[in-house]
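Throughout, read-outs are computed from the coordinates displayed, never taken from laboratory work. Fair warning: this is a prediction, and the values are worked out from it, not measured in the lab. For neighbour counting, all protein chains shown are included, and Cβ atoms are generated from backbone atoms with ideal geometry for every residue, glycine included.
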Amino acid sequence: MDRRVMQRGVVRPVGALAVLALLLSACGPAAIPSGIDDPDEVHNREVHAFNRGLDRYLLRPTATTYSRVLPEPVETGISNFASNLDAPGDVVNNLLQFRIGKAAENTLRFAINSTVGIGGLFDPATALGVAGDPTDFGETLHVWGAPEGQYVEAPFVGPTTSRDMVGLVVDVALNPVRLALPNPEAGYATVTKVASGLSNRARFSDTVDSILYESADSYAQARLLYLQNRRFELGQDSAGGEAGFEDPYADFEDPYAE
């Protein structure tokens, strides 16, 4: 395909997003949600059971083996490289959120780690005080005023909301690195992201296991923690827990528990 045609194909959706950002920015951030909006709970619980089975029989053992086999410096380097690949997407979202200072910080971080850090395998930017500010298109939608929407448990993805699910699709479709890299390099980038995910699963194994396998109702626990953490990330819950935020299903016995 002609490179100019491909570039136009990339620029058009990005340009459309920029125009939409200008139209919605006047609305301000979304209102602080309260409680839990989960009208499709029955289906969500079925998906949760699928995701938990996937974790039990595939993700957890694979992550454990991955972490044991790979030397820690190599594992850390792969995670650093995968994180560095996210930086251009963070910059794009910062710009769409009109957070110019954070866009500059993420740009500087990407530049340092891509050069001094040998393509992102090392993280000298953090040592230099450039920690970066990870973000996503779900947060961009929040800044534009889009409401949180319904709680969703998505296959292979896990806990999310309808707004964040749209954000995830956009982040994947318009990731600057994925669009810029030719094949097979784009495939290698995907592999490193998967490897980084396995590394995180192993690193936080105790926490994840306690939620999925030790809770009286793992679905309600995962839902509560996700919504609290996500709202905290978006600045909607500065105390780490809304006043009066109670999960109405906290004492519900999980029908899929073993």
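Per-structure values
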{"item": "Residue in the stretch 215-237 that is within 29 Å of Thr62 (Cβ to Cβ), out of contact with any Ser or Thr (no Cβ under 8 Å at 6 or more places or on another chain) and aromatic (Phe, Trp, Tyr) present", "result": "yes"}
{"item": "Selection count where residues are out of contact with any Phe, Trp or Tyr (no Cβ under 6 Å at 6 or more places or on another chain) and part of a helix (DSSP H, G or I), scope the stretch 167-183", "result": "9"}
{"item": "Qualifying residues in the stretch 187-221 (those that are of a type in the set (A, V, I, L, M) and more than 23 Å from Asp171 (Cα to Cα)) - the one surrounded by the fewest Cβ atoms within 10 Å (Cβ to Cβ)", "result": "Ala216"}
{"item": "Filter pass, Val74 being closer than 30 Å to Gly149 by Cα and in a helix (DSSP H, G or I)", "result": "no"}
{"item": "Every pair of residues 6+ apart whose Cβ atoms lie under 6 Å, when the first sits in the stretch 30-47 and is over 18 Å from Asn229 (Cβ atoms) while the second is part of a helix (DSSP H, G or I)", "result": "Arg45/Tyr219"}
{"item": "Failed item in (1) more than 18 Å from the chain's Cα centre (by Cα); (2) crowded, with 18+ Cβ neighbours inside 10 Å; (3) assigned to a loop (DSSP other than H, G, I, E, B); (4) of a type outside the set (Phe, Trp, Tyr), with Thr135 passing the rest", "result": "(1)"}
